[in-house]
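See below for the structure under consideration.
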Amino acid sequence: MANLASTFIGIKSPNPFWLASAPPTDKAYNVERAFEAGWGGVVWKTLGLDGPPVVNVSGPRYGAIWGADRRLLGLNNIELITDRPLQVNLDEIKAVKRKWRDRALVISLMVPCDEESWKGILARIEDTEADGVELNFGCPHGMAERGMGSAVGQVPEYIEMVTRWVKQHSRMPCIVKLTPNISDIRKPAEAAKRGGADAVSLINTINSITSVNLDDFAPEPMIDGKGTHGGYCGPAVKPIALNMVAEIARHPATRGLPISGIGGVSTWRDAAEFMALGAGNVQVCTAVMTYGFKIVSEMISGLSDYMDRKGFASVDDLVGRAVPNVTDWQFLNLNYVTKAQIDQTSCIKCGRCHIACEDTSHQAIAVSPERVFTVKDEDCVACNLCVDVCPVENCITMVPLAKGSVDPRTGRRVGDYGNWTTHPNNPSVAAE
Amino acid sequence: MSNTSLTPGVVPGRLAAEAYARNFADAAPRLGRHEAMVAADRCYFCFDAPCTTACPTSIDIPLFIRQIATGTPDAAAKTIFAQNIMGGMCARVCPTETLCEEACVREAAEGKPVEIGRLQRYATDGLMAQAGHPFTRAAATGKSVAVVGAGPAGLACAHRLAMKGHAVQVYDARPKPGGLNEYGLATYKTADDFAQAEVDWLLRIGGITLHQGVSLGREVALADLRASHDAVFLGVGLAGVNGLRVPGEDLKNVRNAVDFIAELRQAGDYSSLPVGRDVVVIGGGMTAVDAAVQARLLGAETVTIVYRRGQEKMSASGYEQNHATSSGVRIICNAAPVALHGTGAVTEVEFAHTVDEPGGLRLTDQTFRLAADQVFKAIGQSLVGAPEGLALQAGKIVVDAAGRTTLPGIWAGGDCATGGEDLTVTAVAQGRDAAEDIHASIS
């Protein structure tokens, strides 16, 4: 059993698996069940100003997309921040933290964009002994219309300003949660760093409509005949989140800024991928909303086995390990040549590789009358589509051509590393 | 009645009333919507799909499964019916394990094919339960075609011809239409009178007139049909039953399996059907299995199928054989009957072990006897009363790929003709293709 203990911006937890600020962390009952199940930490569901409680819709607040066996692939929600009285939450947070000293407990906050509001709420939570705060600049629905959530997260200057207030009026570690509903994730991350944030967490949910009711002609989830965009999450958003995490991890201005990875983390492998791309820990929501808290057992055993296999002494050995290998397109080796190769013994002759290549790519997979599918090296550009559509894992692989051998497609020898920046077809090279 | 499985002789009512209902209920009910969605998701939508190639009617299987997967099962049904108007029955009785599902790449990948047959039933049952008919008849052509035999070949031919606008007269010897669909298949495969429901649905195309109880060569002559119609299609099936040609064949309670199966299909009350305590079925095909399994379902204590060659040569598929053995039927191979014993009624069947040699089947001196108070013969059917002038080959009417016989203006298909495999689905294919050729010839 590998050592999964995690220290994230000084906050200790027995493993790097936290629950994200969301419905599963709205009250002591859920959070304690999560801790009993083995979760390393939670970010308590976002608290707002004291006053009349937040009002949620009483119709459906979640929409989803599914695979054929109703496997939930993506979820969207229009739930707002906690709708329970502030003091109730504060009392519960304090009691839970006292009872679960070894677990991380961070409080998510969202109040209007003025210094007094932030100063006020920070004073109220000081007493809870929570480990830190997370600033919810991410939620794209409801609260954003009132100038909070992603309305702040979309304006880097606001992020910086609010973060500065928080750091000024609190000694707690501060995580800034970023919205993906922007064009360049590096800008808000830079702003958070300038404001003094200890870390960023991302991604929050993505603006979305999951489906349209084709009888009532309204988006789902539908509230009395109308629908609105909600925040999208779950396995479907993971690739988007991974890229945004990597962008921040490798960006010179934000490199080294701790990241809490969020977005479709459902298994130990998802978590490991986020961490390899620079996330110090991960936060999970949709997976537990789908399967319950017990999945953390699989995440713990899976990450532990993986770390043992790799000989990693701590999770820090994994964090950021893939970041140096994330690069820009222009630095990819254009002299690296591979060819698809079909293993005839594992081929089940479905022909998907052939039709995909024939109809939509490079006509590089031939089919014989006996349904034997073979790659035409002289036409194969190594696009990988055949690998991606093949239902048999490892049946089709991409085999690199040895340096010095001739690529039958181009007739050229495979040479040393060379990228676009020095390529003769690059107009800016020619201009020099 | 106080009979049980142990009552000697051939008697009815061996089981409790509720057991009959259970035993003869739908063996593989229609998939539910979610089951169908999950099953459909397993289809890889193969290029030039092997399942479609394996289907005698060339149904575009990946397309219909995708139509199910995308929530349009009625469109899936139309895809099926466009190729096979008896797609409903074929979904129930096709030996899919030796056709589409054997060819499924999932069979190669994991030994578990996509459930094509059950998905087909999901789609076809759904559409057939609705009002109307998925095809419309072309404008009347004024041409008339006689179809002899209202089995799968004849009805498939009639439907396609009617769709093209021709007037079709169907002549059939039995009291009810459907042929083997109505008289020759195990009851649990075609529960709830599906065969008649299918005929009624098929006739909704219009332009088809059924004449039941009309037998070729008796009530109607081929020459008259040729004279009064623009074309004739023969789908008369195989009305004769092969004999054992051994002593004792005339003993009481020695019957043709096809008659027993037909009787079961027409029975309103299964408890009134007599069945032996010790039943022996001689043969190795689907008919043998259907008779044997149903004898068990009627309460026979022991049922034994005896086949003269090796198990690998049985024409009943592995799936059918498993079904038989899991129903409590014993299968003995490499044994041929040499005599049936008894005084008045049969009491025993004597078999000789056989050796299958290059020169042919040889009976050895080693014999054994099986107790039998009822014996079913299921060693094949034969063409009887083929009209004069038609060339025959191996006891079947010779046809070309388009279904043309050697006589001008006469087409044939189904079990009575060469080229098929004595399956519902091949009969449908032959009837359909003959109709296309007839249409091309008379238009």
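The values are calculated or read from the model by the stated rules, or taken from the named source; none is laboratory data. Everything quoted here is computed from the prediction, not taken from an experiment. Positions of Cβ are generated from backbone atoms using ideal geometry, with glycine treated the same way; all protein chains shown enter the neighbour counts. SASA here: full protein model, heavy atoms, side chains in, ligands and nucleic acids out. Shrake-Rupley method; radii C 1.70, N 1.55, O 1.52, S 1.80 Å.
Numbers at a glance
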read-out: Heavy-atom accessible area, 1.4 Å probe, ligands and nucleic acids excluded: residues of segment A:61-77 down by at least 10 Å² from chain alone; value: A:ALA68, A:ASP69, A:ARG70
read-out: Cα-centre dipole for the protein assembly as shown with unit charges at Cβ (Lys and Arg positive, Asp and Glu negative), debye to 20; value: 780
read-out: Column: log10 I(q)/I(0), Debye, Cα scatterers of the protein assembly as shown, q = 0.05, 0.09, 0.10 Å⁻¹; value: -0.47, -0.99, -1.08
read-out: Isolated Cys residues of chain A, judged by Cβ distance under 4.7 Å to other cysteines; value: A:CYS113, A:CYS139, A:CYS174, A:CYS233, A:CYS285, A:CYS347, A:CYS357, A:CYS380, A:CYS383, A:CYS390, A:CYS395
read-out: Listed pairs A:LYS177/A:LYS294; A:LYS226/A:LYS294; A:LYS238/B:LYS78; A:LYS97/A:LYS294; A:LYS187/A:LYS226; A:LYS45/A:LYS226 exceeding 30 Å between Cα atoms; value: A:LYS226/A:LYS294; A:LYS238/B:LYS78; A:LYS187/A:LYS226
read-out: Chains A and B together, accessible area buried on both sides, 1.4 angstrom probe, square angstrom; value: 1000
read-out: Å² per residue, accessible surface of chain A at 1.4 Å; value: 45
read-out: Chain lengthening between A:ARG101 and A:THR360 when straightened (0.36 nm per residue, less Cα-Cα); value: 87.5 nm
read-out: Residues of segment A:395-432 with amide N under 14 Å of a point placed 7 Å along Cα→Cβ from A:TYR336; value: A:398-403, A:415-420
read-out: Qualifying aspartates and glutamates (Cα of each under 12 Å from Cα of A:LYS99; at least 8 residues distant if same chain); value: A:GLU32, A:GLU36, A:GLU129
read-out: Dipole-positive endmost among B:ALA54, B:LEU407, B:PRO134 within chain B (Cβ charges, Cα centre); value: B:PRO134
read-out: Peptide-level mean, for A:350-362, of C-beta atoms on other protein chains within 10 Å; value: 3
read-out: FRET E, pair A:TYR291, B:ALA267, Förster distance 45 Å, beta-carbon r, rounded to 0.05; value: 0.30
read-out: Label-reachable residues, segment A:149-170, where backbone N falls under 14 Å from a point 7 Å from A:ALA123's Cα toward its Cβ; value: A:169-170
read-out: Alpha-carbon centroid distance for the pair segment B:39-68 / segment B:233-264, whole angstrom; value: 38
read-out: Förster radius 30 Å - calculated FRET efficiency between B:ASP193 and B:LYS252 (Cβ-Cβ, nearest 0.05); value: 0.40
read-out: Probe 1.4 Å, all protein chains present, accessible-area order of B:VAL241, B:VAL289, largest first; value: B:VAL241, B:VAL289
read-out: Set of lysines near A:LYS119 by C-alpha distance (under 17 Å), chain-local residues within fewer than 8 positions excluded; value: A:LYS167
read-out: Inter-label distance, nm, simple model (7 Å from Cα along the C-beta direction), B:HIS341/B:GLU35; value: 4.8
read-out: Value at 222 nm in deg cm²/dmol, rounded to 500, when DSSP H runs of n ≥ 4 in the protein assembly as shown each add -39,500 (n - 2.57); value: -9000 deg cm²/dmol
read-out: Separation of the A:ASN56 and B:THR70 label points, Cα + 7 Å toward Cβ, nm; value: 3.7
read-out: Estimated dipole of segment A:6-325 in Debye, rounded to 20 [Cβ of Lys and Arg +1, of Asp and Glu -1, Cα centre]; value: 640
read-out: Rounded Å value of the spacing that divides the Cα centres of segment B:115-180 and segment B:296-361; value: 37
read-out: Segment B:157-170 - phi-based ³J(HN,Hα) in whole Hz, Karplus 6.51/-1.76/1.60, Gly and Pro as x; value: 5, 4, 4, 5, 5, 4, 4, 7, x, 7, 8, 10, 10, 10
read-out: Segments A:231-238, A:15-22 sorted - mean Cβ within 10 Å per residue, highest first; value: A:15-22, A:231-238
read-out: Pair A:ARG171, A:VAL326: separation of 7 Å Cα→Cβ label points (nm); value: 3.4
read-out: Exposure of B:TYR183 as accessible area (Å², to 10), given a probe of 1.4 Å and all protein chains; value: 20
read-out: Pairwise FRET efficiency - B:GLU357 versus B:THR406, Cβ, R0 = 35 Å, nearest 0.05; value: 0.45
read-out: For A:ILE262, residues with placed amide H under 5 Å, excluding near neighbours; value: A:LEU202, A:ILE203, A:GLN283
read-out: Carbon plus sulfur fraction of accessible area for the protein assembly as shown, probe 1.4 Å, in percent; value: 51
read-out: Segment A:345-432: chymotrypsin sites (Phe, Trp or Tyr not before Pro) falling in loop per DSSP and having at most 12 other Cβ within 10 Å; value: A:TYR417
